[in-house]
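Encoded as structure tokens, the structure appears first; notes follow it.
The values are calculated or read from the model by the stated rules, or taken from the named source; none is laboratory data. All of these numbers come straight from a predicted model, not from anything done at the bench. Glycine gets a Cβ as well: all are built from the backbone with ideal geometry, and neighbour counts include every protein chain shown.
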Amino acid sequence: MTGVTDSWVVQELSARMFEKPADAAPPNGLFRPVVEQPRRRRRPVTLTLRALLPAAIFGLWWGFTGTGIISRTELASPSATWSAFVDLLLHQDLLGDIGISASRAVFGLLIGGGVGLLLGVIVGLFALGEEIFDSSLQMFRTLPFPALIFLFIIWFGIGETSKVLLIALACLTPMYLNVSNGVRNVDRRVVEAARTFGLRGWGLVRKVIIPLALPSILNGLRFAAGISIVALVFAETIAANLGIGYLVTQASSLQQVPTLMVCIIIYCLLGITADVVVRILERVTMPWRRHMAVR
């Protein structure tokens, strides 16, 4: 009976707080109706502005190599790089190598990002979880993952497992740090309000805490996606016979500078692609953030 009475009181108070009586008038003109200002449209960032800096870098590259300021044995010209790209595309399985490298980065990101997400939620929610995991994960944050290459070869061999796990380890800590920080900073008043409506356990985490921490989660995903490409460069030095790292090893041994330039540009494009994918995910999951940018 007490529960029913309390529920009726909450409903009654909520109704009285949000109802708008028709005969209510502002006392003595102290409160004036707020006129909603029309929302200013954000000026779209055109493709021309986005391409301005890359075009400037390309122009400097062309100018330095074309005028001989930088020797072509040290830095290949754009035309030589393009010729090397066409040659790799026609006479080697360049697209297959790109797909293999991208799959290594994606699998490593999924494993490391998934573990980092889980640990971040646990540490953010429970003080015991912080006591158990946080100090060890902070230690991994300062550990240079290239130093583990030879250990991973000994433990997991020279196959795909060692490459993917090295990328996963590199992606774990940035994801963990952002998720744990986002969960800790969730407004506790909202959590308590959700509990009054009966949300408990996994339902509270899934419907309240995760959505409120979503900006930090996606920010961690962006960092982890970028680091996955950096870790990919090191991972593909582990006796790779396929992928972009294999082409880098071959070009380095034969001093083929144009091929090296092609591989560097491909790594850059993979990084840009990862960032664009995360941006699209942000727009889909958090459409309101587009209207919060500083004008």
Test for Q255: is it surrounded by fewer than 19 Cβ atoms within 10 Å (Cβ to Cβ), under 27 Å from S79 (Cα atoms) and touching a helix residue (DSSP H, G or I) at 6+ places or on another chain (Cβ under 8 Å) = no
query = Name the pairs: first residue in the stretch 155-173 and under 15 Å from I100 (Cβ atoms), second residue surrounded by 21 or more Cβ atoms within 10 Å (Cβ to Cβ) and among the hydroxyl-bearing types (S, T, Y), Cβ to Cβ under 7 Å, at least 6 apart or on different chains?
reply = I167/S228
task = Determine, yes or no, whether L242 is at pLDDT below 85, surrounded by 14 or more Cβ atoms within 10 Å (Cβ to Cβ) and over 21 Å from the mean Cα position of the chain (by Cα).
result = yes
message = Yes or no: the stretch 182-189 includes at least one residue that is at pLDDT 85 or above and closer than 21 Å to D275 by Cβ.
response = yes
query = Can we say R184 is in contact (Cβ under 8 Å) with a residue 12 or more places away in the chain and touching a Ser or Thr at 6+ places or on another chain (Cβ under 6 Å)?
reply = no
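If we scan the stretch 135-142, do we find a residue that is farther than 28 Å from I238 by Cβ, modelled with pLDDT under 90 and not charged (D, E, K, R)? Steps first, answer last, please.
Taking the stretch 135-142 as the starting set, the residues that turn out to be farther than 28 Å from I238 by Cβ are 135.
Next, from what is left, pick out any that are modelled with pLDDT under 90: 135.
Checking which are not charged (D, E, K, R) leaves us with 135.
The answer is yes, given that some residue of the stretch 135-142 is farther than 28 Å from I238 by Cβ, modelled with pLDDT under 90 and not charged (D, E, K, R).
Answer yes or no as to whether L177 is under 19 Å from the mean Cα position of the chain (by Cα) and either farther than 24 Å from I210 by Cβ or at pLDDT below 85 (or both).
Spelling it out, it is not the case that L177 is under 19 Å from the mean Cα position of the chain (by Cα) and either farther than 24 Å from I210 by Cβ or at pLDDT below 85 (or both).
Based on this model, can you work out whether R141 counts as surrounded by fewer than 14 Cβ atoms within 10 Å (Cβ to Cβ) and either in contact (Cβ under 8 Å) with a residue 24 or more places away in the chain or over 15 Å from V183 (Cβ atoms) (or both)?
Yes.
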Yes/no for V186 being of a type in the set (A, V, I, L, M, F, W, C), more than 28 Å from S83 (Cα to Cα) and not in a helix (DSSP H, G or I) = yes
key: One residue from A224, A239, A251, A231 being of a type outside the set (D, E, K, R) and in a loop (DSSP other than H, G, I, E, B)   = A239
query = Any idea which of I149, I167, I227 is hydrophobic (A, V, I, L, M, F, W, C), modelled with pLDDT of 80 or more and more than 13 Å from G116 (Cβ to Cβ)?
reply = I149
ask   = Does A274 satisfy the criteria of being buried (at least 19 other Cβ atoms within 10 Å of the Cβ) and either in contact with a Pro (Cβ under 7 Å, 6 or more places away or on another chain) or part of a helix (DSSP H, G or I) (or both)?
value = yes
ask   = Scanning for something crowded, with 16+ Cβ neighbours inside 10 Å, modelled with pLDDT of 85 or more, under 18 Å from the mean Cα position of the chain (by Cα) and among the hydrophobic types (A, V, I, L, M, F, W, C), does the stretch 118-127 turn up at least one residue?
value = yes
